[in-house]
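First up is the structure itself, then whatever we jot down about it.
The values are calculated or read from the model by the stated rules, or taken from the named source; none is laboratory data. On a predicted model such as this, the values are computed, not experimentally measured, just so you know. Counting neighbours? That spans all protein chains shown, and the Cβs are built from the backbone with ideal geometry, glycine included. Remember, those area values only see protein heavy atoms, side chains included, never the ligands or the DNA or RNA. Shrake-Rupley method; radii C 1.70, N 1.55, O 1.52, S 1.80 Å.
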Amino acid sequence: MTKAPDRSLRALLVAVGALAVAVALALSFPSWRGHLTYPAAVAASYLVTWGPLVIALAATFRFWRPSLRFRTADVYLGVIVGVLARAAGILVQYAMTGRMPGPGLMVGDVTGIYVFTTVVAPVVIAPLIEEPFFRGLLQGSLERGIRPWPALIVTSVAFALVHTIADGWSVALIATMLVYGLIAGYAVQRTRRLGPAIIGHAVFNGLAALITWPW
């Protein structure tokens with residue numbers, strides 16, 4: 001009778017440990033990134049952020065694997081999640097800064113590294129790592145010990161703070177990522193599937209890339 005609670009507790013401890021390592025590495029990264037070439041620094045920034053999460057996911061795969069079930073409806077729900085969260089994020093940014101997001105300024109040609117950091121990493125890779133970790137592992141393990149809504153809130157706050165640490169401190173960014181985390185987490189909570197959050201994450205980041213692309 002104690003196997004399920006023990007398993008969820010182990011999963012939670014692994015998730016918290018991975019987050020602690022990722023945050024520590026992200027905070028220390030600026031002190032040694034100057035010794036790397038730009039391509040190496042880009043690769044290292046993703047490695048220190050995602051590496052601990054991937055290890056945690058591999059170590060707890062049996063725990064969060066059931067949430068990998070996918071249905072066609074998850075695509076439509078994910079699009080709704082991504083669009084709603086991005087729209088809310090734009091409103092939050094405008095309310096806090098008085099500015100709307102717009103195309104970025106590009107000096108020279110669009111490089112492969114720029115495409116990777118703007119499109120490939122956030123739209124393709126991030127949803128496949130971050131959603132299983134935050135919504136599948138962290139939120140899923142928290143729900144075994146506390147009520148679903150507190151688990152959703154704690155996970156969303158952790159998601160927002162980790163992104164702010166990795167991308168630069170910004171109240172507008174924290175609020176935007178918190179809104180997305182709450183919407184995506186609620187979709188997973190209701191469906192018990194990661195599909196809506198993975199698709200939603202891709203749409204959410206894809207819209208940001210589309211809006212800020214230097215046309």
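Using the per-residue mean of other Cβ atoms lying within 10 Å as a proxy for protection, in what order, highest first, do the peptides 131-137, 154-160 fall? Don't skip to the end; give the middle numbers.
On the way: 131-137: 26.6, 154-160: 20.6.
Ranked by mean Cβ neighbours within 10 Å, highest first: 131-137, 154-160.
Heavy atoms of the protein only, probe of 1.4 Å, neighbouring chains included. What is the accessible area of residue 55 in Å², nearest 10?
120
Return P(r) of region 103-213 (all Cα-Cα pairs; 10 Å bins starting at 0; whole %; ordered from short to long distances).
In order of increasing distance, the bins hold 15, 44, 29, 10, 3, 0 percent.
Hey, got the dipole for region 62-179? About the Cα centre, +1 on K and R Cβ, -1 on D and E Cβ, debye to the nearest 20?
Working: 9 positive and 6 negative charges, 96 e Å.
With only Lys, Arg, Asp and Glu charged at Cβ, the dipole is about 460 debye.
Taking the chain as a Gaussian network, where each spring joins two C-alpha atoms under 10 Å apart, which residue of 110, 179, 188 fluctuates the most?
Of the options given, 110 has the highest mean-square fluctuation.
Specify the residue with the greatest mean-square fluctuation among 49, 60, 111, computed from a Gaussian network of the chain linking alpha-carbon atoms under 10 Å apart.
Of the options given, 111 has the highest mean-square fluctuation.
Can you tell me the length gained on complete extension of the stretch residue 36 to residue 111, counting 0.36 nm per residue apart and subtracting the Cα distance? Walk me through the intermediate numbers first.
Numbers: separation 75, 0.36 × 75 = 27.00 nm, distance 1.86 nm.
Stretched fully, the residue 36-residue 111 segment lengthens by 25.1 nm.
Please find the FRET efficiency linking residue 75 to residue 146, where r is the Cβ-Cβ separation and R0 is fixed at 35 Å, and quote it to the nearest 0.05. All intermediate terms of the calculation are to be shown ahead of the outcome.
Numbers: r = 31 Å, r/R0 = 0.88.
Calculated value: 0.70.
Using a simple spin-label model with points 7 Å from Cα along the Cα→Cβ vector, what separation in nm is obtained for residue 90 and residue 10?
Reported label-point gap for residue 90 and residue 10 is 4.7 nm.
If contacts are Cα pairs under 8 angstrom and at least 6 residues apart, what is the relative contact order of the chain in percent?
On the way: 253 pairs, mean separation 75.3, N = 215.
Result for the chain is 35 percent.
Would you mind classifying region 7-155 by shape? Square roots of the alpha carbon gyration tensor eigenvalues, ordered a ≥ b ≥ c; an a/c under 1.5 is rounded, otherwise it is prolate if a/b is larger than b/c and oblate if not.
Verdict is oblate for region 7-155.
Sorted from largest down, what three extents in whole angstroms do the Cα atoms of region 148-201 have along their principal axes?
Principal extents (largest minus smallest coordinate, Cα): 32, 24, 14 Å.
Roll a 1.4 Å probe over the protein chains and send me the accessible area per residue for the chain in Å².
53
What full-extension length gain, to one decimal in nm, is calculated for residue 65 and residue 169 as 0.36 nm per residue of separation minus the Cα-Cα distance?
34.1 nm
Rounded to a whole number, what % of the accessible area of region 39-138 do carbon and sulfur atoms account for, probe 1.4 Å?
Whole-percent figure for carbon plus sulfur exposure: 71.
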